[in-house]
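See below for the structure under consideration.
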């Protein structure tokens, strides 16, 4: 199972009340208009590392995860702040579940930023940047 499939598995099993999008940046912008909100969005990022040790390979990908919800068109700053803070809590919960699911080595540091006005849809929230490293490698011998 790929890292993206593992993220999808966690999102769909543990965060059933959220929509889920897995796509590249251009595809995400289109998909967000069609997905149930709030949503968890996994941007396909193709940067990472392969670690080879003891006949196994572990994948480690730099991942961008967004946590979004709708806001009214031309929403004021307080509306966006409320959605941002709410989605920040979801991000904390989601990454805590990722840390406990057994698929990945624990994540200790996450960089995030507001995504207000980053997408064409009327959404707000945050995007988190982190590296997910597989806990179990695949045999390459």
message = Among 49, 96, 109, which one shows the highest mean-square fluctuation when the chain is modelled as a Gaussian network with alpha-carbon springs under 10 Å?
response = 109
query = Most mobile of 88, 70, 34 per a Gaussian network model of the chain (Cα springs, under 10 Å)?
reply = 34
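Would you calculate a helix-derived [θ] at 222 nm for the chain, using -39,500 (n - 2.57) for each DSSP H run of n ≥ 4 and dividing by the full residue count, to the nearest 500? Working shown, then result.
On the way: 3 runs with 43 residues, N = 141.
Roughly -10000 deg cm²/dmol at 222 nm, from the helical runs in the chain.
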Cα→Cβ-extended label distance, 7 Å offset, between residue 36 and residue 23, nm = 1.8 nm
key: Helix 3-14 axis, angle to the chain major axis (alpha carbon atoms, nearest 10°)   = 60 degrees
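Could you calculate the FRET efficiency of residue 79 with residue 12 from 1/(1 + (r/R0)^6), where r is the beta carbon distance between them and R0 is 30 Å, rounded to 0.05?
Working: r = 29 Å, r/R0 = 0.95.
That pair, residue 79 with residue 12, gives E of 0.55.
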ask   = Full extension from residue 138 to residue 110: what is 0.36 nm times the residue separation minus their Cα-Cα distance, to one decimal in nm?
value = 7.5 nm
key: Helix 77-100 vs. the chain, principal-axis angle (Cα, 0 to 90°, nearest 10)   = 20 degrees
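Over every pair of different alpha-carbon atoms in the chain, take the mean of 1/r and invert it; report that Kirkwood radius in Å.
On the way: mean 1/r = 0.0639 Å⁻¹.
For the chain, the Kirkwood estimate is 15.7 Å.
Where a number appears in this text, it was derived from the coordinates with a stated rule and is not lab data. Everything numeric in this text was worked out from a predicted model, so none of it was measured. So basically every Cβ, Gly included, is an ideal-geometry build from the backbone, and we count neighbours across all protein chains shown.
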